[in-house]
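J.: Structure provided below as structure tokens; questions to follow.
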Amino acid sequence: MKTHDVIVIGAGHNGLTAAAYLARAGLDVLVLERNPYIGGAAVSRELYPGFTYSNCSYVSSLMRPEIMRDLDLPRYGLQITPFRGGLTMTRDGDYIASYRDRDMHRREIARHSPRDAESYDRYSAAVMRQCRFIRPMLLETPPDPTSLLPRDLRGLWRIGRAFRDLGPAGMYETIRFWTMSMADFLDQYFENDLVKAHFTGSSIIGTGLGPRSPGSAYVMLHHHMGEVDGTIGAWGYARGGMGAISRSLAGALEAAGGAIRTDAPVARVIVRKRRVAGVALEDGEEISARAVVSGMDFRRTVLQAMEPGDLPAGLVKAARNFKIRGSSGKLNIALDGMPTFRGVPADCPALAGDLHVTETIEEFERAYDDWKNGRWSRRPYVDLMIPSLTDPTMTPPGKHYMSIFVQYVPPELADGPWTSEKRDAFGRTVIDMLSEYSPDLKDLILHMEVRTPRELEEEVGLTEGNIFQGELTLDQLMFNRPAPGYAQYRLPVRGMYMCGSSTHPGGGVMGAPGANAAREIIADLRAGKRA
Amino acid sequence: MTAGARHEAPLLKTPFHPRTAVLNQAKQWGRWAGYATVACFTELAHEYFAIRHAATLFDVSPMKKYRISGTDAERYLNRLLTRDVRKLRTDRVAYAVWCNDDGKVLDDGTVFRLGEKEVLLMAQERHLAWLQDSAFGYDATIEDVSEAIAGLALQGPLSCTVLKAMELDGIAQLKPFGIARFDLSGTPLTVSRTGYTGDLGYELWTEPDKALELWDRLMAAGALYRLTPIGSRALDLARIEAGFIQANVDFIAADHSVRMTRQRSPFELGLDWMVDFDKGHFVGRRALLRERETGPRYRLVGLDIEGSKPAAGALVYYGRARQVGLVTSAAWSPTAKRNIALATLQAPFADKTDGLWAEIYVNKELKWEKTAARCRIVTRPFFDPPRRRATPAPDF
Ligand SMILES: Cc1cc2nc3c(=O)[nH]c(=O)nc-3n(C[C@H](O)[C@H](O)[C@H](O)COP(=O)(O)OP(=O)(O)OC[C@H]3O[C@@H](n4cnc5c(N)ncnc54)[C@H](O)[C@@H]3O)c2cc1C
């Protein structure tokens, strides 16, 4: 039987990224994907004729440009188009918008608070300082602070130097920032409730935190540290939907000689004599390999694909305790035309951006309370976008695709497990709320896909439906991701690795975990170790 | 030009001005051949991405257009241009350069073969004097028809879709560099599958008094396809990605240069493929034959530069100290996701696979930082989508 150099479990974008780097290094790589399609949470599917949905993730910023360049992804169809602005609508028919033009943006904030408008530049400089600090770490293996190995010491020294470069005030600011709540962070700059609410959303997307929870400021940073063509914090659409990112990675992989098998669910990793020997598929087929890298989340990798007996008990315990709480849902809607929004001019450029209806931090917290109580939010936070306003390939001309990301949706409900009826009721909650702002929305709906954490878990394989493959809190970031001592992409079985969003630098369509893991694997295989 | 305009305004208005002026929210104008042209209507990013993503309109009316007619039109052009015009069939377009007697490039442009005895030559610069002087002894009449033809470039992946929505029958079958003729309520409308973006695209030509009707019909047809008017800044980014050179940016037109050493031959501009020594005599042939023996002094190349900071104007070094060239056009390419540049290098350094560095200065909050960025010579175009060549043209 043929022995591959590396088997990658899961054709999520990180698995594909790792595989492409490995194949380009001359290794024989096979990717095994459970679903009949690739992409994991970076996927585009046509569920209604003529309409392409970005079924899970919907916008791109985190995907590292170094990876696009290394793997030549534009050649395989990757095109990212930045979008313009965004707005938060209010019940009384007004809104606050963000515009790309600085002066337009300032005037718009000033409509609500002249003071806050002037504070905005201070706020963005503070966010940018944090971005400058963290961005160089994204494509680096996190150094282990307890290690005395030269590479760890070098890594720590680099971080230490970047930290010192912040200056005394910047150092204090940074230490506070990493543990701070978004509400406290915003209070330092803004006083108007609507202005604050407008900037709050990215601090709670995908997490089990509210804007008043410590750590939520970092989640905002996680959404700002990306870029589109050098504009830090900018977001864009992948032409053809987020699946186009995965397809371009697959293109690069195949061009480098790698292969992908879909409909190939891995049941377990085969370990012989304390080293990896390959994997067994659910139908019993065994495929051998010198190394296995899992793109699944930490929980699944350790608790489902591996035998507890092959691993240290502490690691198994860490996997069981790994915070991977689901908190999000998603609606994908095919629309017969462009809906109108009360009070918003039809030609407002901000409509091409992200739309929201949560007006105060208080409302965010109430939505969060529902989640803690085991219910979906009665007035959820939505991140609503109409990608077809920008990307003409998503729908037939004149029709539109609406993507609605919804926060908060618990993985389990207080009154028992999710059912299809409850899922539909959840969908109705969202549409009813939005109909207050867009009276013609309901009549335009041709088809709607509703996804709760249950669907995300079952269809994408994200435990509890956690979109980041694990909570983005300081206790689970950097050298603590996914668990202390295991942040360098290796598991303590020779030849066993992880490359999913459960590893540093975490979730989002970023590719960095995959690229970092590949670098470690290549180094090990070259050194002849672990193989 | 109307009489009143002689002293009233330094810049003239193109036939599309009534539309472009209204749409120009950013109030950024540029000048081109004596006309006011829009540099940016709204936001550079918005306009640039529309080129690669949807469809765009750019007013090319200021382009200099020379009509060459007469029984010797073909013979005349074959002597003028370095490539073989006899191979250019009616209703086809070709890219071309022409040189002076020393084999130095005067300009580049496009040749539209409208008939056996009629050709249009389009260029960025003015050439009436040279063209007429060269006509001595030929039955060829050269007229400047620039003001008689209004032009719009419709470029982008949805450009064919827009033309289909405008009901231009059979447009999808038009091959790259082909010309098709249509009717615009009684006036001829000429469509060529040409452009400056390196993408799927067309150029539409008609009489100036039909310009606004053409604009309106295109915008109406394009309403569902995100048809976006664009300015010259967005176009410039696309043309760098396409790897196209521009006169007086990437080379100095020979007859404008004061310093003779700045003049460049087609070989030096990387246009070897356009020089056809087999076709018989043409202007500059002897000098170019000599140069073919001795080799060019310079080479215009495409560079892929490490990092993301555009290398505009950067000096190029071989090793740390030896200065070997200059970047003439540079950009971060949002579509190729590379830091690209066009550069002129001393010929011996134009096949180096290693050791080339661009010196880039970046102003970081009032602190200049100098970086040496590694350069790799790469083939152009930097971005080359299959849709550019596909016939029938794809829908998007
Ligand atoms: C609803 C939603 C919205 C989001 N929005 C955004 C956004 O707009 N922008 C953004 O940047 N990020 C967003 N994210 C986060 C981002 O999509 C994910 O963090 C990222 O895609 C995860 O990629 P991954 O490769 O690490 O893992 P995954 O995408 O989870 O890939 C894991 C792969 O493994 C496969 N698999 C699982 N088990 C097995 C098995 N036993 N055998 C074989 N294969 C298996 C799965 O099918 C899957 O393909 C969103 C996520 C969700 C769910």
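The values are calculated or read from the model by the stated rules, or taken from the named source; none is laboratory data. Everything numeric here is computed off the predicted structure, so don't read it as measured data. For neighbour counting, all protein chains shown are included, and Cβ atoms are generated from backbone atoms with ideal geometry for every residue, glycine included. Heads up: the accessible areas ignore ligands, DNA and RNA and are worked out on the full protein's heavy atoms, side chains in. Shrake-Rupley method; radii C 1.70, N 1.55, O 1.52, S 1.80 Å.
J.: Looking at (1) open to solvent by 50 Å² or more (accessible area, probe 1.4 Å); (2) within 14 Å of the ligand (Cβ to nearest atom); (3) closer than 30 Å to A:MET496 by Cβ, which one does A:LYS2 not meet, given that it meets all the others?
T.: With (1) open to solvent by 50 Å² or more (accessible area, probe 1.4 Å); (2) within 14 Å of the ligand (Cβ to nearest atom); (3) closer than 30 Å to A:MET496 by Cβ applied to A:LYS2, the lone miss is (2).
J.: Output the strands (runs of 3 or more DSSP E) that fall wholly within the range B:157-243 and possess 3 or more residues being farther than 19 Å from A:GLN79 by Cα and in contact with a strand residue (DSSP E or B) (Cβ under 6 Å, 6 or more places away or on another chain), or say none.
T.: The strands (runs of 3 or more DSSP E) meeting that bar are B:179-184, B:187-192, B:201-206.
J.: Looking at (1) crowded, with 18+ Cβ neighbours inside 10 Å; (2) more than 14 Å from chain A (Cβ to nearest Cβ); (3) closer than 30 Å to A:HIS105 by Cβ, can you tell me which one B:LEU80 breaks?
T.: Going through (1) crowded, with 18+ Cβ neighbours inside 10 Å; (2) more than 14 Å from chain A (Cβ to nearest Cβ); (3) closer than 30 Å to A:HIS105 by Cβ one by one, B:LEU80 breaks only (3).
J.: Got at least one residue in the range A:209-231 being surrounded by 19 or more Cβ atoms within 10 Å (Cβ to Cβ), away from the ligand (no atom under 15 Å from the Cβ), outside any loop (DSSP other than H, G, I, E, B) and within 14 Å of another protein chain (Cβ to nearest Cβ)?
T.: No; the residues of the range A:209-231 include none that is surrounded by 19 or more Cβ atoms within 10 Å (Cβ to Cβ), away from the ligand (no atom under 15 Å from the Cβ), outside any loop (DSSP other than H, G, I, E, B) and within 14 Å of another protein chain (Cβ to nearest Cβ).
J.: Then there is this: Of everything in the range A:419-468, what is among the aliphatic types (A, V, I, L, M), part of a helix (DSSP H, G or I) and within 25 Å of the chain's Cα centre (by Cα)? Give them in sequence order.
T.: Of everything in the range A:419-468, those that are among the aliphatic types (A, V, I, L, M), part of a helix (DSSP H, G or I) and within 25 Å of the chain's Cα centre (by Cα) turn out to be A:VAL430, A:ILE431, A:LEU434, A:LEU456, A:VAL460.
J.: Further question: Test A:GLU458 against the criterion of being without any contact (Cβ under 8 Å) to a residue 24 or more places away in the chain, within 15 Å of the ligand (Cβ to nearest atom) and open to solvent by 10 Å² or more (accessible area, probe 1.4 Å), and give yes or no.
T.: yes
J.: Scan the range A:56-69 for residues that are facing chain B (nearest Cβ under 10 Å) and among the charged types (D, E, K, R) and jot them down.
T.: Matches in the range A:56-69: A:GLU66, A:ARG69.
J.: Of these, B:ARG126, B:ARG113, which one is assigned by TED's automatic domain parsing to the domain that holds B:TRP98, open to solvent by less than 70 Å² (accessible area, probe 1.4 Å) and basic (Lys, Arg)? Can you show your working first?
T.: Values: B:ARG126 fails: open to solvent by less than 70 Å² (accessible area, probe 1.4 Å).
Only one candidate passes the filter, namely B:ARG113.
J.: For the range B:62-77, name all the residues that are at negative phi and open to solvent by 10 Å² or more (accessible area, probe 1.4 Å).
T.: Once the filter is applied, which keeps residues that are at negative phi and open to solvent by 10 Å² or more (accessible area, probe 1.4 Å), the range B:62-77 yields B:MET63, B:LYS64, B:ARG67, B:SER69, B:THR71, B:ASP72, B:GLU74, B:ARG75.
J.: Of A:ARG107, A:ARG100, A:ARG154, A:ARG129, which residue is within 14 Å of another protein chain (Cβ to nearest Cβ), assigned to a helix (DSSP H, G or I) and open to solvent by 80 Å² or more (accessible area, probe 1.4 Å)? If you could, list the steps in order and put the result at the bottom.
T.: Values: A:ARG107 fails: within 14 Å of another protein chain (Cβ to nearest Cβ); A:ARG100 fails: assigned to a helix (DSSP H, G or I); A:ARG154 fails: within 14 Å of another protein chain (Cβ to nearest Cβ).
The match here is A:ARG129.
J.: Applying the selection to the range A:37-52, what residues are of a type outside the set (A, V, I, L, M), touching a residue at least 60 places away in the same chain (Cβ under 8 Å) and more than 10 Å from the ligand (Cβ to nearest atom)?
T.: From the range A:37-52, those of a type outside the set (A, V, I, L, M) are A:37, A:39-40, A:44-46, A:48-52; that's our starting set.
Now narrow it down to the ones that are touching a residue at least 60 places away in the same chain (Cβ under 8 Å): A:37, A:39-40, A:44-45, A:48, A:50-52.
Of everything in the range A:37-52, those that are of a type outside the set (A, V, I, L, M), touching a residue at least 60 places away in the same chain (Cβ under 8 Å) and more than 10 Å from the ligand (Cβ to nearest atom) turn out to be A:SER44, A:ARG45, A:TYR48, A:GLY50, A:PHE51, A:THR52.
J.: Would you confirm, using the coordinates I've provided, whether B:ALA336 is within 30 Å of B:ALA55 (Cβ to Cβ) and more than 14 Å from chain A (Cβ to nearest Cβ)?
T.: When the stated conditions are applied, B:ALA336 does not pass them.
J.: Another question, then. When only residues in the range B:372-396 that are among the small types (Gly, Ala, Ser) and in a loop (DSSP other than H, G, I, E, B) count, which is surrounded by the fewest Cβ atoms within 10 Å (Cβ to Cβ)?
T.: B:ALA390
Residues are listed down the side, and each one gets a yes or a no for (1) out of contact with any helix residue (DSSP H, G or I) (no Cβ under 6 Å at 6 or more places or on another chain); (2) modelled with pLDDT of 95 or more:
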| site | (1), (2) |
| --- | --- |
| A:ASP165 | yes, no |
| A:ASP187 | yes, yes |
| A:VAL195 | no, yes |
| A:SER203 | no, yes |
| A:ALA244 | yes, yes |
| A:ALA256 | no, yes |
| A:VAL266 | yes, yes |
| A:ILE270 | yes, yes |
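J.: Right, another one. Considering only residues that are part of a loop (DSSP other than H, G, I, E, B) and surrounded by 22 or more Cβ atoms within 10 Å (Cβ to Cβ), which ones fall in the range B:283-309?
T.: B:GLY284
J.: Hey, can you tell me all the residues within the range B:156-173 that are more than 14 Å from every other protein chain (Cβ to nearest Cβ) and out of contact with any Leu (no Cβ under 9 Å at 6 or more places or on another chain)?
T.: Scanning the range B:156-173 gives B:GLU167, B:ASP169, B:GLY170, B:GLN173.
J.: Please go through the range B:26-56 and give me each residue that is at pLDDT below 95, within 12 Å of chain A (Cβ to nearest Cβ) and touching an Asp or Glu at 6+ places or on another chain (Cβ under 9 Å), ordered by number.
T.: Matches in the range B:26-56: B:ALA26, B:THR42, B:GLU43, B:ALA45, B:HIS53.
J.: Against the definition (open to solvent by less than 40 Å² (accessible area, probe 1.4 Å) and at pLDDT 95 or above), how does A:SER438 come out, yes or no?
T.: Details: open to solvent by less than 40 Å² (accessible area, probe 1.4 Å): yes; at pLDDT 95 or above: yes.
Criteria met by A:SER438.
J.: Would you check which residues across the range A:461-514 are β-branched (Val, Ile, Thr) and either open to solvent by 20 Å² or more (accessible area, probe 1.4 Å) or near the ligand (Cβ under 8 Å from one of its atoms) (or both) and list them?
T.: A:ILE467, A:VAL509 - these are the residues of the range A:461-514 that are β-branched (Val, Ile, Thr) and either open to solvent by 20 Å² or more (accessible area, probe 1.4 Å) or near the ligand (Cβ under 8 Å from one of its atoms) (or both).
J.: Regarding the range A:491-499, can at least one residue be identified that is in contact (Cβ under 8 Å) with a residue 40 or more places away in the chain, part of a helix (DSSP H, G or I) and over 15 Å from A:ARG299 (Cα atoms)?
T.: Within the range A:491-499 (the criterion being in contact (Cβ under 8 Å) with a residue 40 or more places away in the chain, part of a helix (DSSP H, G or I) and over 15 Å from A:ARG299 (Cα atoms)), the answer is no, since none of the residues qualifies.
J.: Follow-up question, since we're still on this one. Look at A:GLY257 and say whether it is part of a loop (DSSP other than H, G, I, E, B), open to solvent by 10 Å² or more (accessible area, probe 1.4 Å) and within 14 Å of another protein chain (Cβ to nearest Cβ). Step through it out loud before you land on a result.
T.: Working: part of a loop (DSSP other than H, G, I, E, B): yes; open to solvent by 10 Å² or more (accessible area, probe 1.4 Å): yes; within 14 Å of another protein chain (Cβ to nearest Cβ): no.
Here the answer is no, as A:GLY257 does not meet what is asked.
J.: Among the residues of the range B:362-371, is there at least one that is open to solvent by 10 Å² or more (accessible area, probe 1.4 Å), within 12 Å of another protein chain (Cβ to nearest Cβ), touching a residue at least 60 places away in the same chain (Cβ under 8 Å) and not in a strand (DSSP E or B)?
T.: no
J.: Right, something else. Return yes when A:ILE67 is touching a Ser or Thr at 6+ places or on another chain (Cβ under 8 Å) and either at positive phi or not in a loop (DSSP other than H, G, I, E, B) (or both) and no when it is not.
T.: Values: touching a Ser or Thr at 6+ places or on another chain (Cβ under 8 Å): yes; either at positive phi or not in a loop (DSSP other than H, G, I, E, B) (or both): yes.
Judged against the criteria, A:ILE67 is a match.
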